[in-house]
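The values are calculated or read from the model by the stated rules, or taken from the named source; none is laboratory data. Small disclaimer: the values here were computed from a predicted structure and weren't measured. Quick reminder, even Gly has a Cβ in these numbers, built from the backbone with ideal geometry, and neighbours come from all protein chains shown. We work out accessible area using only protein heavy atoms, side chains counted, and drop any ligands, DNA or RNA first. Shrake-Rupley method; radii C 1.70, N 1.55, O 1.52, S 1.80 Å.
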Amino acid sequence: MTSLAVAAPARTTSIRDAIRDTLRGEMQRDLRVVLLGEDIGAYGGSYAVTRGLVDEFGTERVRDTPIAESAIVGAAVGAAMGGLRPVAELMTTNFALVAIDQIVNHAAKLRHMFGDQFGAPVVIRMVNGWGQLAATHSQSFDAWFAHVPGLHVVAPSSPADAAGLLRNAMRGEDPVIFIEHSRQYSQKGAAPADADHLVPFGSARIVRPGRDVTLVAYSYCVPMAEAAAERLASSHGIDAEVLDLRSLRPLDRDALVASVRRTHRVVCVEESWRSFGVGAEVSATLQELAFDELDAPVARVAAREVPMPYSKPLEAACLPAIDDIVGAALGQIS
């Protein structure tokens with residue numbers, strides 16, 4: 001007799017609230033979980049993600065820190081080595097450069113350098129985004145972190161994935177770079193109410209099935225790819241599949257190969273710079289594993305190869321747009 005699993009009821013929530021609710025739930029479940037970051041206490045965080053948590057859990061577990069990312073991450077790594085489950089918040093991805101030694105040379109390597117005697121189960125939340133923030137505050141270093149063995153790197157694009165990936169990160173045994181996007185915090189969608197809802201790392205998600213071309217994206221570029229797919233269908237009769245990577249390290253290579261076997265054409269979309277980026281890894285993966293399935297070279301849509309300007313029109317010109325995705329997909333078909 002076959003047993004049918006009953007799906008947990010879903011609720012509509014924002015990505016911001018999904019992350020906050022997950023942090024709260026894990027802090028209630030596991031007394032080892034502590035939060036560290038600039039203004040995450042009474043102020044509630046730069047993006048209001050941690051608002052209210054200090055009132056519930058106190059300043060011992062929701063710790064405001066100095067404006068010193070190397071100290072935030074260093075303390076979090078040390079706390080993880082000592083048996084706690086720290087979640088460090090960095091105001092933007094750009095500030096992770098101040099803590100790059102703690103992330104790359106400490107958190108990522110401890111388990112391997114000490115023969116698996118201990119590791120650093122730390123989650124480092126950081127925020128991508130733009131909006132006239134200029135060159136040093138509008139960068140995406142996703143591919144930098146995904147390059148490093150010992151790190152998991154994830155970037156959700158929906159409330160359900162934000163909750164499931166974060167919960168998986170907080171219950172794991174290895175350091176996780178958890179990339180959020182400032183433009184998506186208010187984005188709403190369905191999320192399971194199940195307090196044990198987990199999204200495994202290395203598992204891509206088919207957002208929209210299709211047969212003519214695959215649009216590979218992650219984070220903020222997923223809704224852009226969905227909008228491009230709608231336009232391709234309504235204006236050009238092209239059925240585009242949208243594949244959300246969700247996880248950059250590990251990368252779901254099986255899902256990429258399976259998708260290209262269905263569509264035979266691929267466009268990879270990212271907000272990072274084009275050179276040596278996620279799209280380059282996707283292209284190399286498909287060339288190595290599914291070359292005979294490709295009817296056209298993999299196309300890449302990415303940010304222009306310049307530091308981000310402050311000027312709003314120039315900023316828009318530097319970032320990938322829906323028109324760019326549609327044009328790249330049409331170039332695959334023609």
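Here are the numbers for this structure:
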item	result
Crossing angle, helix 15-29 versus the chain [Cα axis fit, 0-90 degrees, rounded to tens]	40
Derived scalar couplings ³J(HN,Hα) [region 30-42; Karplus, 6.51 cos²θ - 1.76 cosθ + 1.60; whole Hz; x for Gly, Pro]	10, 5, 7, 6, 10, 10, 9, x, 6, 6, 7, x, 4
Relative contact order for region 222-334, counting Cα pairs under 8 Å that sit 6 or more residues apart, in percent	30
Helix-only mean residue ellipticity at 222 nm for the chain, each DSSP H run of n ≥ 4 adding -39500 (n - 2.57), per residue, nearest 500	-10000 deg cm²/dmol
Stretch in the chain that is longest and holds no GluC sites (Glu not before Pro) that DSSP places in a loop and that have at most 14 other beta carbons within 10 Å	174-304
With every protein chain in place, region 123-197: carbon and sulfur % of accessible area (1.4 Å)	53
TRP130, TRP144, TRP273, reordered so the largest accessible area comes first (probe 1.4 Å)	TRP144, TRP273, TRP130
Counting all C-alpha pairs of region 252-334, share separated by more than 15 Å (%)	59
Nearest-ten-degree value, helix 322-333 long axis tilted from longest Cα axis of the chain	50
Computed accessible area, PHE291, all protein chains, 1.4 angstrom probe, square angstrom	130
Cα extents of region 1-151 along the three principal axes, largest first (Å)	53, 44, 33
ALA135 paired with ARG171, simple spin-label distance in nm, labels 7 Å along Cα-to-beta-carbon	4.5
Average accessible surface area per residue within the chain, 1.4 Å rolling probe, Å²	43
Nearest 10 degrees, 0 to 90: helix 278-289 Cα axis against the chain principal axis	60
Solvent-accessible area of TYR43 with every protein chain in place, 1.4 Å probe, in Å² to the nearest 10	140
At R0 = 30 Å, FRET efficiency that the Cβ-Cβ distance of ALA195 and GLU60 yields, to 0.05	0.80
The chain: Cα Rg divided by the 2.2 N^0.38 Å rule of thumb	1.00
Whole-number D in µm²/s for region 184-334 (Stokes-Einstein; Kirkwood sum over Cα pairs; 10 °C, 1.306 mPa s)	100
Contact order relative to length of the chain, as percent, for alpha carbon pairs under 8 angstrom and 6 or more apart	16
